[in-house]
1. List, in order, the whole-Hz ³J(HN,Hα) value for each residue of segment 262-275 obtained from phi through the Karplus relation with A = 6.51, B = -1.76, C = 1.60 and θ = phi - 60°; use x for Gly and Pro.
2. Starting at the first residue of segment 89-100, write each ³J(HN,Hα) from the Karplus equation 6.51 cos²θ - 1.76 cosθ + 1.60 with θ = phi - 60°, in whole Hz, x for Gly and Pro.
3. Among Thr230, Thr61, Thr188, rank each residue by its count of other Cβ atoms within 10 Å, from fewest to most, as a rough exposure measure.
4. What ranking do Phe258, Phe152 get, fewest neighbouring Cβ atoms within 10 angstrom at the top?
5. Determine the sum of side-chain charges near His117: Lys and Arg each +1, Asp and Glu each -1, restricted to other residues whose C-beta is under 11 angstrom from that of His117.
6. Once phi is turned into ³J(HN,Hα) by the Karplus curve 6.51 cos²θ - 1.76 cosθ + 1.60 with θ = phi - 60°, what whole-Hz value does each residue of segment 316-327 show in order, with x for glycine and proline?
7. What does the net charge come to around Ser261 if you take all other residues with beta carbon closer than 9 Å to its beta carbon, with K and R at +1 and D and E at -1?
8. Give me the distance between the Cα centres of segment 282-348 and segment 41-68, rounded to whole Å.
Amino acid sequence: MFENESFKSALSVNEGIEQPPSVSNDSVRNFVNKARKRLSATQYFEGIISGNRTVLSQAITLVESSLPAHSQIAQEIVEKCIPYSGKSLRIGITGVPGVGKSTFIESLGIHLTSNNHKLAVLAIDPSSERSKGSILGDKTRMEALSADANAFIRPSPSAGSLGGVARKTRETIILCEASGFDTIFIETVGVGQSETVVHSMVDFFLLLMLAGAGDELQGIKRGIMEMADTIAITKADGTNVKKAELAAAEYRNALHLFPKSVSNWSPKVVLCSSLDGSGIPNIWDTILEYTQQTQENGFFNNRRREQSKYWMYETINESIQKHFYHHPMVEREIHHLEANVLSGKMGSFAAARKLIQLYFGHK
């Protein structure tokens, strides 16, 4: 068609680069299995005590896992770490919604890390799927602390029973202490009984409150205030200072009505602002003052021992409950008996007694 046979159409397609061979499923599977290869309990332990953050994170993942194989190696790791734990100061932090926990934790955390403390921030959050609350969101807000070489922020398990999540958090504390963190923050993300559980694993319990939100004592459980070793009124800056001072006076009056603590510590009410940093050093000084006083009168170590005993029994209860509900006979009959209870054909106690008999092998 064309006289010049050397003419080439603009539509001609070059051969291009030779394509690599396709990756087989077996190759992918082998790569994934290699990547997922677990270390031994000893290797995890050695990585943890050497301060390896990656190994620490992997070990915490094993602690949080519900797989039996993971639980077994996790317990080995925890047992190896126990002799290297117990040297940190464990601080529980809770507060009403909107109080600014994330900002406060970052402000106090930076104060500590700037003074050469190593800080781990953990959380108790058994209900995040319902409340949508999660320290994952907090971690993105605590940008400066997240980037701090002396800080470690760990999201908590997001589902399961409160007791189960709390036990895993307690074991995580042990791993963090063995890794060299001298200060541990335990934040309550969920609401309800999580404050009580956090109180059972910390040395100092800090309650954050917000001024200017109506009746200062409205909706505040007496039990939570009785647990608090210090109440911090947050956002005490700008035009809010006066409101914060009035709120502090109300809380001080309320605390006088409570019986004296067995620790002989008189709970304090302090003001702070995470925005300008005022009051933050004072809160840390208060924590140190409490620690010194309770160590001198013996309460600090006695409380640690009582907490260890408490968690021994809680672990037994959780293990027995899990074994009960996974028993073949119980699994087979429980829904049938539950239906009988709901329909009124059987009483609650009779159904429970029947399941217990099945569990112990009685007909």
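Please treat every number below as a calculation from the coordinates, not as lab data. All figures in this text were calculated on a predicted structure; none of them were measured in a lab. Glycine gets a Cβ as well: all are built from the backbone with ideal geometry, and neighbour counts include every protein chain shown.
1. 5, 7, 6, 8, 8, x, 10, 10, 10, 10, 7, 9, 6, 6
2. So the Karplus estimates, Gly and Pro as x, are 9, 9, 10, x, 10, 9, x, 5, x, x, 6, x Hz.
3. Details: Thr230 19, Thr61 12, Thr188 25.
Sorted ascending by nearby Cβ count, the order is Thr61, Thr230, Thr188.
4. Details: Phe258 12, Phe152 22.
By the 10 Å Cβ count, ascending: Phe258, Phe152.
5. On the way: positive: Lys118; negative: Asp148, Asp182.
Cβ neighbours under 11 Å give a net charge of -1.
6. 4, 4, 5, 5, 5, 4, 4, 5, 4, 6, 9, 5
7. Net local charge, Ser261 excluded: -1.
8. 24
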